[in-house]
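For reference, the structure discussed in these notes is given below.
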Amino acid sequence: MMKHDTAMGVCDADKCSACGVCINICPKGCISYLKKETGTKVAVINKNSCVNCHLCKKVCPQLDTVEGLESFVCYAAWSFDDTIRTNSASGGIATELYRFFSDKGYKLAGVSMTPMHTAEFSLSDSFESMPAYRNSKYVYSDAGNIYYEVGKNLVNQRGVLFIGLPCQVAALKKYLFVKKISLELLFTVDIVCHGTTPEQFLGEHIEHIEKKKKKKAIHVEFRDPEEKTSSFTFSLKDAEHTFYKRRVKANDVYQIGYHAGITYRDNCYSCQFATRKRQGDITLADFSYVGSYEFCSYSNENVSCVLINSKKGESLFSELCSTDRIFYEKRPIEEEVTTEKQLNYPTRVPREREKFLKEIKSNNGFEKAMKYAARKIMIVNTVKNITHIEKIKQIMSEKLPPNVKNGIKKVLKR
Ligand SMILES: Cc1cc2nc3c(=O)[nH]c(=O)nc-3n(C[C@H](O)[C@H](O)[C@H](O)COP(=O)(O)OP(=O)(O)OC[C@H]3O[C@@H](n4cnc5c(N)ncnc54)[C@H](O)[C@@H]3O)c2cc1C
Ligand code: SF4
Ligand code: SF4
Ligand code: SF4
């Protein structure tokens with residue numbers, strides 16, 4: 001990390017997504033991250049070694065309005081492999097895409113957790129390493145040198161499947177454009193995204209629980225499959241057991257901060273990619289409102305929404321459909337594009353954020369800051385838990401037939 005007096009930003013510090021593409025392209029290695037007092041890290045240039053080549057400015061997706069692709073077909077889909085489906089955030093289509101492209105000899109880019117509880121990109125040769133990429137990591141993911149690595153493989157005529165958040169897919173495409181590398185052997189998937197939390201807050205939360213429980217976490221889940229990924233259960237495991245497990249509604253402060261949009265990186269609240277114009281050949285999302293426009297015979301649990309955004313996306317997804325490894329059904333596109341907030345506008349700043357940041361800036365730590373900022377949310381959750389409202393809602397959701405459930409949702413949405 002650099003000192004402030006020798007550092008200057010590549011783009012506006014409130015816009016920087018820490019996508020890392022400027023770091024990948026800088027010929028002098030003089031860009032690194034600086035952490036703001038909000039916990040958000042941003043890219044800064046060490047003026048002493050900069051040679052003013054401007055490559056970082058050319059490649060930065062935040063210095064431009066990045067064009068996107070209009071989705072033209074929408075599918076509900078899931079893997080026929082139950083292990084893949086139930087261990088994935090939605091229908092396991094990401095893993096099926098990894099398998100499909102691995103069979104074609106492509107390299108596979110995705111995000112896994114490190115022993116330090118940070119999320120990082122890597123490029124894999126083998127489908128066997130896919131369990132690590134599977135399921136959502138609700139934290140900022142560090143791109144490392146992934147753009148450089150993808151570029152190198154494409155130049156060497158090796159295909160790459162890249163699955164990442166829209167800001168990361170946009171960064172990769174800009175890198176390849178500036179480096180004049182062909183996109184022919186690249187397949188991109190962007191994931192609908194409502195924001196990511198600075199890794200510092202996850203680290204503090206895990207440390208806090210470890211101290212309380214006198215255990216050391218070696219594995220973290222944000223949507224623990226043992227409790228169904230749809231329950232959004234945060235859990236920590238040591239070598240033998242799960243020693244901490246809590247649903248959002250059971251007042252896990254990390255999950256509350258995430259799902260209520262209190263703790264995101266500063267730039268996520270003005271994300272230019274929270275729009276119907278997409279960055280990937282296809283887009284993946286949780287299909288929460290499947291059946292809201294037209295009858296469907298299944299529930300929304302572990303169902304992926306697949307939006308097709310390019311001809312390449314259309315032709316390769318139809319090849320995947322013909323493998324008989326996935327269920328797929330065409331759905332009215334409105335079912336996703338009109339119901340999914342992140343296809344229409346970025347997460348709005350909730351009123352709790354100001355309180356949260358005030359505490360963070362006063363160095364009171366993540367746990368205290370969240371307990372102070374989200375006090376009301378936690379009281380409401382406690383009341384719901386005592387009166388079993390959440391339990392009743394969950395049982396109803398499991399027992400009611402899908403058409404009745406979708407009908408109720410439709411009425412509630414009005
Ligand atoms: C941070 C985040 C926010 C999301 N927000 C929404 C939302 O608002 N609405 C919605 O409908 N869906 C959202 N999703 C997408 C959704 O939860 C599923 O990821 C998506 O439906 C694909 O599910 P799957 O079952 O096909 O595959 P999964 O196996 O669940 O997805 C795994 C893929 O996601 C990638 N991934 C996981 N965490 C990260 C990360 N931190 N950074 C970059 N890539 C990551 C992995 O590398 C892998 O390629 C979000 C996902 C993430 C990671
Ligand atoms: S102008 Fe060139 S040398 Fe300077 S930071 Fe940007 S990429 Fe690096
Ligand atoms: S390229 Fe990415 S990391 Fe660099 S300044 Fe722009 S947004 Fe930030
Ligand atoms: S909200 Fe936007 S900027 Fe933030 S992580 Fe998601 S895609 Fe990137």
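The values are calculated or read from the model by the stated rules, or taken from the named source; none is laboratory data. Every value quoted in this text rests on a predicted model; they were computed, and no experiment measured them. Because the Cβ atoms are built from the backbone with ideal geometry, glycine has one as well, and the counts that use them run over all protein chains shown. In case anyone asks, the SASA skips ligands and DNA or RNA and just uses the protein heavy atoms, side chains included. Shrake-Rupley method; radii C 1.70, N 1.55, O 1.52, S 1.80 Å.
Looking at the range 72-83, can you tell me whether even one residue there is open to solvent by 40 Å² or more (accessible area, probe 1.4 Å), near ligand 2 (Cβ under 10 Å from one of its atoms), at pLDDT 95 or above and of a type in the set (A, V, I, L, M, F, W, C)?
No, the range 72-83 contains no residue that is open to solvent by 40 Å² or more (accessible area, probe 1.4 Å), near ligand 2 (Cβ under 10 Å from one of its atoms), at pLDDT 95 or above and of a type in the set (A, V, I, L, M, F, W, C).
Can you name the residue in the range 364-380 that is among the aliphatic types (A, V, I, L, M) and more than 15 Å from Tyr254 (Cβ to Cβ) and, of all such residues, is surrounded by the most Cβ atoms within 10 Å (Cβ to Cβ)? Walk me through it before giving the result.
If we filter the range 364-380 for residues that are among the aliphatic types (A, V, I, L, M), which is where we start, we get 369-370, 373-374, 377-380.
Then keep just the ones that are more than 15 Å from Tyr254 (Cβ to Cβ); that gives 379-380.
Numbers: Ile379: 11, Val380: 13.
Selected residue: Val380.
Among the residues of the range 123-147, which ones are surrounded by fewer than 17 Cβ atoms within 10 Å (Cβ to Cβ) and either within 16 Å of ligand 3 (Cβ to nearest atom) or outside any helix (DSSP H, G or I) (or both)?
To start, the set of residues in the range 123-147 that are surrounded by fewer than 17 Cβ atoms within 10 Å (Cβ to Cβ) comprises 125-129, 131-132, 144-145.
Listed by number, the residues that qualify are Asp125, Ser126, Gly144, Asn145.
Only strands (runs of 3 or more DSSP E) wholly contained in the range 209-291 count here; list those with 2 or more residues that are within 30 Å of Gly313 (Cα to Cα) and out of contact with any helix residue (DSSP H, G or I) (no Cβ under 7 Å at 6 or more places or on another chain). So that I can check it myself, show each step before the final result.
Working: elements: 219-221, 233-237, 242-247, 282-286.
Answer list for the range 209-291: 282-286.
Could you check how many residues of the range 133-158 are more than 23 Å from the chain's Cα centre (by Cα) and either at pLDDT below 95 or of a type outside the set (S, T, N, Q) (or both)?
So in the range 133-158, the residues more than 23 Å from the chain's Cα centre (by Cα) come out as 152-158.
Now narrow it down to the ones that are either at pLDDT below 95 or of a type outside the set (S, T, N, Q) (or both): 152, 154-155, 158.
So the count comes out to 4.
Could you run through the range 180-200 and say how many residues are within 11 Å of ligand 1 (Cβ to nearest atom), open to solvent by less than 50 Å² (accessible area, probe 1.4 Å) and either of a type in the set (D, E, K, R) or in a loop (DSSP other than H, G, I, E, B) (or both)?
Of the residues in the range 180-200, 7 are within 11 Å of ligand 1 (Cβ to nearest atom), open to solvent by less than 50 Å² (accessible area, probe 1.4 Å) and either of a type in the set (D, E, K, R) or in a loop (DSSP other than H, G, I, E, B) (or both).
Scan the range 297-323 for residues that are part of a loop (DSSP other than H, G, I, E, B), modelled with pLDDT of 95 or more and open to solvent by 60 Å² or more (accessible area, probe 1.4 Å) and report the count.
1
Thr95: assigned to a helix (DSSP H, G or I) and either farther than 23 Å from Ile282 by Cα or among the aliphatic types (A, V, I, L, M) (or both), yes or no?
Details: assigned to a helix (DSSP H, G or I): yes; either farther than 23 Å from Ile282 by Cα or among the aliphatic types (A, V, I, L, M) (or both): no.
Judged against the criteria, Thr95 is not a match.
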